Protein chains: 2
Amino acid sequence: VIELLLVGFGHVTRRFVRLLDERGDRLAGEHGLDTRIVGIATGRHGAAYDPKGIDIATALQRVEGGQPLSPLDASDTPPTDGLDLIARASERPGAARVVIEATPLNIVDARPAVDHVRLALLSRMHVVSANKGPVAHAHADLSVLAHKMGVRYLFEGAVMDGIPIFNLVRETMPACEVVGFRGVINSTTNYILTMMEDGGEFADALAAMQEQGIAERDASLDVDGWDAAAKAAALANVLLDARLTPQAIERTGIGQLTGDAVRQAAGRGSRIRLVASARRGRDGVRARVAPEELAPDDPLGLLRGMSNALYLETDLLGRVGITQLDGGLTQTAYALLSDLVTVHRGLQAPREGRPDRSP
Amino acid sequence: VIELLLVGFGHVTRRFVRLLDERGDRLAGEHGLDTRIVGIATGRHGAAYDPKGIDIATALQRVEGGQPLSPLDASDTPPTDGLDLIARASERPGAARVVIEATPLNIVDARPAVDHVRLALLSRMHVVSANKGPVAHAHADLSVLAHKMGVRYLFEGAVMDGIPIFNLVRETMPACEVVGFRGVINSTTNYILTMMEDGGEFADALAAMQEQGIAERDASLDVDGWDAAAKAAALANVLLDARLTPQAIERTGIGQLTGDAVRQAAGRGSRIRLVASARRGRDGVRARVAPEELAPDDPLGLLRGMSNALYLETDLLGRVGITQLDGGLTQTAYALLSDLVTVHRGLQAPREGRPDRSP
């Protein structure tokens, strides 16, 4: 049995635990995966730890009803936060543990997410995360730490919801070098640009999305390109072995675009999209996020609404693209699930490390 | 050391052994993979078996110079063909063995490729193949046999050259169900249709491709849709657990299309492409291959020349597309290499089987 600690219990994590339940039979039958949720830490509903297992239906009900989780704690003193939860669990010897880190993005320095990941790894717990912050700010450190402690740090959901990017390269493209990438990886801006193509100005499109709850009240993270920059940094750090942060990405948002400009491009058969790209050059990796006018035959130009796509440039396979036509909550939650299965596969039978060259 | 038996030594296999050499350091360093080629069987240049290892540079030189391989055989009586080679090797106990099966496609019944695969699996050898025939005709049988014998049967190169489809689903989409697919998976017809869009008739386009050596003299396999049907059957058998053969696919080729029809569609902003699709329904899996007029916003319509793409319809991830913009020989050869690494990973540390549901 794998023990799960949920650090962050928002929409994504709650959808994840429901998926885990819905697919429980299949996960047990096909993969022999059996899990027990032993801890939950939330931002506004407290935390609980119970090594015998927390009743997840009750936990969901309490949080969604606005009640604290503390009554579910096995002791009189529930953990104060995510770090405390991880520390509590680490005091007990025992089963394999996976921390599911899905706290909100802090674009500035990725705290406290990066602290959660670091403490978990130091405590020899595996980490599965949908948080792009730590990957964008500290991937090199964290991956070295994970390797040293003999545990996994996986984060498929950080960039393109559930469709595989990191797993794709790691599991299916051995001995093939990624030298660059180019993609549309922010849904909110894509939605806004699509709405501008169909008529309307930036402000109206944004307001409509906020009304529908698709965009945040503070939309600057999306429209100023910060979200795309964090994803570009994460991709560059992992796939191109870069040492970038979101702040190091050359970044232009879509706030300056007028509806006229967007529609004039569409009139020429072109499309304006917020494109994230990076390439390894002689003087390191250069990455940028900016609106680009895409030629009619550019596949990125066809992406509308919640669709995302990333084209990898590789040495042996040329350009390989992966496209997600239906992004959303279930997809991101699925990323956590697929990473959990990867951790489990490794526990069943540790994969090759990176041994010194054999004679 | 993994012993390799090369059954079929055409362009793809020869590119594969060169890749293996070029990436040898990286494969050894990162994956601990070490190989020795102990046998080669060709269609027109005889065969050779030498358990101590065959000098591959000499073998390449002989075959490319039109000379037989028999002098490289360790005995006085070289194997007569691929089956004989596998039988010889199976008489010696010893190392892990992988048969690299890449003989030409026989669309009718996939022989002798399917016999090569079966004998290899029965001899407890792993099989890595770029041949779509056995997957299209006998996947269910062969996969059961491989499982029973405790070996792997992998065939990433069978459908979309080197870009991962089968590995993508198997390694990165656990507990996610594929319910259908739709794609452009035959390069020759795509090339012809692209040339017709740019002016010219079917016959001229085909003749030009044959002159350049891109299309075979007998192009019926491509233009009548047989190649796409074999690939569609392979995809349906593996991803949708179907029991189809190429003959069971509803099939229309592109031979009846006029240049005018293709260009009129292009004038409307649409594109005509040979589309392969399948879907699981109540009464089993239905698959078809036919030219379709694609709407301007259909990503399959943008594919030109050697580009291929496949969109999977899944239950948890919605529609996921993978696109290969640069198909070719190196890509197919790479598929053999990536499958070989997968076999090796499994040998290092056997992965989970499919145990009975755990309590």
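A few comments on the model shown:
- Residues within segment B:75-134 that are out of contact with any strand residue (DSSP E or B) (no Cβ under 9 Å at 6 or more places or on another chain) and among the hydrophobic types (A, V, I, L, M, F, W, C), tallied: 7
- Checking B:Gly284 against (1) at positive phi; (2) of a type outside the set (A, V, I, L, M); (3) open to solvent by 70 Å² or more (accessible area, probe 1.4 Å), the condition it does not meet: (3)
- Restricted to helices (runs of 4 or more DSSP H) entirely inside segment B:66-179, those with at least 3 residues that are open to solvent by 30 Å² or more (accessible area, probe 1.4 Å) are B:82-91, B:113-122, B:132-149.
- Filtering segment A:9-28 to residues that are surrounded by 15 or more Cβ atoms within 10 Å (Cβ to Cβ), assigned to a helix (DSSP H, G or I) and within 11 Å of chain B (Cβ to nearest Cβ) leaves A:Arg15, A:Leu19, A:Leu20, A:Arg26, A:Leu27, A:Ala28.
- Positions within segment A:164-181 being more than 8 Å from chain B (Cβ to nearest Cβ), under 20 Å from B:Thr332 (Cβ atoms) and within 18 Å of the chain's Cα centre (by Cα), in sequence order: A:Val169
- Picking from residues in segment B:233-252 that are surrounded by 18 or more Cβ atoms within 10 Å (Cβ to Cβ) and without any contact (Cβ under 8 Å) to a residue 60 or more places away in the chain, the one that is nearest to B:Val169 (Cα to Cα) is B:Ala236.
- Boolean, A:Arg88 is more than 22 Å from A:His344 (Cβ to Cβ), of a type in the set (D, E, K, R) and in contact (Cβ under 8 Å) with a residue 12 or more places away in the chain: yes
- Filter pass, A:Leu302 being at pLDDT 90 or above and not charged (D, E, K, R): no
- Scanning segment B:86-129 for residues that are of a type in the set (A, V, I, L, M), closer than 18 Å to B:Gly157 by Cα and modelled with pLDDT of 95 or more yields B:Val98, B:Val99, B:Ile100, B:Ala102, B:Ala110, B:Ala113, B:Val114, B:Val117, B:Val127, B:Val128.
Listed here are the residues, each with its yes/no results for (1) in a loop (DSSP other than H, G, I, E, B); (2) within 13 Å of chain A (Cβ to nearest Cβ); (3) in contact with a Pro (Cβ under 8 Å, 6 or more places away or on another chain).
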site	(1), (2), (3)
B:Glu30	no, yes, yes
B:Ala48	no, no, yes
B:Lys52	yes, no, no
B:Arg62	no, no, yes
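- Candidates A:Ala48, A:Ala74, A:Ala89, A:Ala57, filtered to the one that is in contact with a helix residue (DSSP H, G or I) (Cβ under 6 Å, 6 or more places away or on another chain) and aliphatic (A, V, I, L, M): A:Ala48
- Scanning segment B:182-200 for residues that are more than 12 Å from chain A (Cβ to nearest Cβ), open to solvent by 10 Å² or more (accessible area, probe 1.4 Å) and touching a strand residue (DSSP E or B) at 6+ places or on another chain (Cβ under 7 Å) yields a single hit, B:Ser187.
- Of A:Leu337, A:Leu302, all but one fail to be at the interface with another protein chain (Cβ under 7 Å from one of its Cβ atoms), open to solvent by 30 Å² or more (accessible area, probe 1.4 Å) and over 22 Å from A:Glu177 (Cα atoms); the exception is A:Leu302.
- Enumeration of residues in segment A:133-163 that are at pLDDT below 95 and within 9 Å of chain B (Cβ to nearest Cβ): A:Asp161, A:Gly162, A:Ile163
- Qualifying residues in segment B:32-46 (those that are away from chain A (no Cβ under 14 Å) and out of contact with any Leu (no Cβ under 9 Å at 6 or more places or on another chain)) - the one surrounded by the most Cβ atoms within 10 Å (Cβ to Cβ): B:Gly43
- Sub-6 Å Cβ pairs linking a first residue in segment B:274-302 that is touching a residue at least 40 places away in the same chain (Cβ under 8 Å) and part of a strand (DSSP E or B) to a second residue that is among the acidic types (Asp, Glu) and open to solvent by less than 40 Å² (accessible area, probe 1.4 Å), at least 6 apart or interchain, are B:Val275/B:Glu292, ordered by first then second residue.
- When segment B:306-334 is filtered for residues that are more than 7 Å from chain A (Cβ to nearest Cβ) and either acidic (Asp, Glu) or assigned to a loop (DSSP other than H, G, I, E, B) (or both), the ones remaining, listed by number, are B:Met306, B:Ser307, B:Glu313, B:Asp315, B:Gly327, B:Gly328.
- Set B:Arg263, B:Arg268: member being within 15 Å of B:Asn190 (Cα to Cα) and open to solvent by 60 Å² or more (accessible area, probe 1.4 Å): B:Arg263
- With respect to the conditions (1) at negative phi; (2) within 14 Å of chain A (Cβ to nearest Cβ), B:Arg118 lacks only one, and its number is (2).
The values are calculated or read from the model by the stated rules, or taken from the named source; none is laboratory data. Worth saying up front: this structure is predicted, and the values here are computed from it rather than measured. Cβ sites come from the backbone with ideal geometry, for glycine too, and all protein chains shown count toward neighbours. For accessibility, only protein heavy atoms count, side chains too; no ligands or nucleic acids. Shrake-Rupley method; radii C 1.70, N 1.55, O 1.52, S 1.80 Å.
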